[in-house]
């Protein structure tokens, strides 16, 4: 069982990223820059394929790497991660432990935890999958490619809808019947707390984009998903907006998309 890390990054001018991320396996680097270029070289006895693309959009960038993935296991990565030593063996052990799993979701280590922490192994389904970002996901490559699952190129940084490509990716995995496991195993540190490229506060655009995201998750249940979101996260915006106001803005985003 071989493994490749698929790194989405921007504006890299040299190969120092490999050292910063502690890459200890084969990897594909999808670098959005101002040129089109492909390099293939060895790094600590591992095969690195480095692609530079003169285009923007995180979903597109992840797809550029995914389309070229060849290993049995692919691991999604961002460039602000530092992998733990022996991560390759750690990830492979989990796929051996859960041989029926097509996708396994891991923990990331943060100095001040903000992301959901997996505390015990469990099967991921429709009631609990929206809590996970892309850069903690590993999958059997053929399970994804044979089911024609890719990242939506209209969501995420650099696109018209600021976030959600990771949620839609997992949505497609569930719709295609793939088995997803969450495990309490950490594979990487987040190296820095950097300003989000897409979150600019609880603005009208944030809520409209969220409404559109729910519409693409489920056209049938989109309005209910908007309502539960407005209720569940009301503490975050209650000083400026009511639940009803937020719900109406999200519905506006849906209706614009429908037209």
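The values are calculated or read from the model by the stated rules, or taken from the named source; none is laboratory data. It should be emphasised that the depicted structure is a prediction, and the values quoted were computed from it without experimental measurement. Counting neighbours? That spans all protein chains shown, and the Cβs are built from the backbone with ideal geometry, glycine included.
For the range 84-117, a tally of residues being without any contact (Cβ under 8 Å) to a residue 60 or more places away in the chain, within 19 Å of the chain's Cα centre (by Cα) and within 19 Å of residue 26 (Cβ to Cβ) returns 0.
Quick grid of which residues meet (1) assigned to a helix (DSSP H, G or I); (2) modelled with pLDDT under 95; (3) surrounded by 15 or more Cβ atoms within 10 Å (Cβ to Cβ):
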{"position": "125", "(1), (2), (3)": "no, no, no"}
{"position": "130", "(1), (2), (3)": "yes, yes, yes"}
{"position": "139", "(1), (2), (3)": "no, no, yes"}
{"position": "149", "(1), (2), (3)": "no, no, yes"}
{"position": "153", "(1), (2), (3)": "no, yes, yes"}
{"position": "188", "(1), (2), (3)": "no, no, yes"}
{"position": "195", "(1), (2), (3)": "no, yes, no"}
{"position": "198", "(1), (2), (3)": "no, yes, yes"}
{"position": "228", "(1), (2), (3)": "yes, yes, no"}
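Here are some residues: 236, 240. Which one is out of contact with any helix residue (DSSP H, G or I) (no Cβ under 9 Å at 6 or more places or on another chain), modelled with pLDDT under 90 and farther than 30 Å from residue 122 by Cα? Answer to the selection: 240.
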